[in-house]
1. Probe radius 1.4 Å, ligands and nucleic acids ignored: give me the carbon and sulfur share of the accessible area of the chain as a rounded percent.
2. Quick one, which of (1) 1.16; (2) 1.46; (3) 1.22 is the actual Cα Rg over 2.2 N^0.38 Å calculated for this model?
3. Which of the GluC sites (Glu not before Pro) found in the range 20-117 are loop residues per DSSP with 12 or fewer other Cβ atoms within 10 Å of their Cβ?
4. Rank 88, 70, 29 by mean-square fluctuation in a GNM of the chain with C-alpha springs under 10 angstrom and give only the top-ranked residue.
5. Say each of residue 28 and residue 117 gets a label point 7 Å from the Cα, pointing the same way as Cα to Cβ; how far apart are those two points in nm?
6. Compute the accessible area per residue over the range 14-63, keeping the other protein chains in place, probe 1.4 Å, unit Å².
7. Any chance you could look up the accessible area of residue 40 with a 1.4 Å probe, heavy atoms only, rounded to 10 Å²?
8. Apply the Karplus curve 6.51 cos²θ - 1.76 cosθ + 1.60, θ = phi - 60°, to the phi angles in the range 62-73 and return the couplings in whole Hz, x for Gly and Pro.
Amino acid sequence: MNDDAVLFAVDIQFPDWGDRVANIPFVNATIYHHGHTVGWVYASNLKVTPQEKRISLYEVFHVANSDAMARLLIEAASSRRVAVNAQAKIALSGFGKYLPVADVSRNLDVVLPPPPN
């Protein structure tokens, strides 16, 4: 099965980061909506520093299930918010040389901005 792909942009902020520097080799995240896989994204060579406590991503999102993606978009368009579950594998070696790859799961309630006038 070939994935469809769409470009997306997101800013992730770490306001309480402190004075550490983290070089994150990779993050591989899968998005689920109402228990169905929507798709996945891979990002690499990310960096968080005391001066730049934000990661701005402009990445390719691979749609694995077009029906799930359509349901997610319909819900988002009608209510301007959507609940998803994100599961990610994050390489932690940027935080410490011998740290492993971590599995992270988070339920997200995303509120979308109003459409431009």
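The values are calculated or read from the model by the stated rules, or taken from the named source; none is laboratory data. Here the structure is a predicted model, which means the values were calculated and not measured. Positions of Cβ are backbone-derived with ideal geometry, glycine not excepted, and every protein chain shown enters the neighbour counts. Note: accessible area is taken over every heavy atom of the protein model, side chains too, but ligands, DNA and RNA are not part of it. Shrake-Rupley method; radii C 1.70, N 1.55, O 1.52, S 1.80 Å.
1. On the way: 4530 of 8020 Å².
Carbon with sulfur: 56 percent of the solvent-accessible area.
2. Identified label for the calculated read-out: (1).
3. Numbers: sites: 52, 59, 75; in loops: 52.
Passing both the DSSP loop test and the Cβ count: 52.
4. So, out of 88, 70, 29, the one fluctuating most is 70.
5. About 4.6 nm separates the two model spin labels.
6. Numbers: 2960 Å² over 50 residues.
On a per-residue basis, 59 Å².
7. Approximately 90 Å² for this residue.
8. 8, 7, 8, 9, 4, 5, 5, 5, 4, 5, 4, 5
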